[in-house]
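One structure below.
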Amino acid sequence: MLRFKRWRINGFTLIELIIVMAIVSLLLTLAAPRYFRSIERSKETVLKANLAATRDALDKYYSDTGKFPDQLGDLVERKYLRTLPWDPVLESSNGWTFIAPPGGQAGAIYNLFSGARGNSLDGVPYAQW
């Protein structure tokens, strides 16, 4: 009988463990959606920044050479960008959609958009950014 009381004092009952697990799971169900939404929001922020930097590099390339680049690799070769731009939504640097220059200007890339399907958290399709 004495040994049973000592174990009872030092341990937890099954009911106590179930209550603690229920509280932890409740807290996780409240925190998980915010966590995943913050991940999506950060991917969208990086995508916007990469699009802005690449479009700026396209403009500078055109100002310096008088034509638009034939491929994104030209921007890296001429040191307008350090690396090819990364699309965090697609998780690739090869999924860009390119727009040709208007009016028959030289080059192949006037503008670029994300090739990701779906909409952002604001409801705007990624392909329209």
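Every number here is computed from the coordinates shown, using simple stated rules; none is lab data. Owing to the predicted nature of the structure, the values given are computational and were not obtained by experimental measurement. In this analysis, Cβ positions are derived from the backbone assuming ideal geometry, glycine residues included, and neighbour counts consider all displayed protein chains.
For residue 111, the amide hydrogen comes within under 5 Å of the amide hydrogens of 99, counting only partners 5 or more places away or on other chains and with H modelled in the peptide plane. Computed from phi, the 3J(HN,Hα) profile of segment 120-129 under the Karplus parametrisation 6.51, -1.76, 1.60 (θ = phi - 60°) reads 6, 5, 7, x, 8, x, 4, 5, 9, 6 Hz, with x in place of Gly and Pro.
Each helix, a run of at least 4 DSSP H residues, gives -39500 (n - 2.57); summed and divided by the residues of the chain, these come to -18000 deg cm²/dmol at 222 nm.
Ordered by the count of other Cβ atoms within 10 Å of each Cβ, fewest first, 20, 46 give 20, 46. Comparing mean-square fluctuations of 100, 22, 53 from a GNM of the chain with C-alpha springs under 10 Å, the top value falls on 22.
Taking the convex hull of the alpha carbon positions in segment 2-128 and averaging its projected area over all directions gives 12.6 nm².
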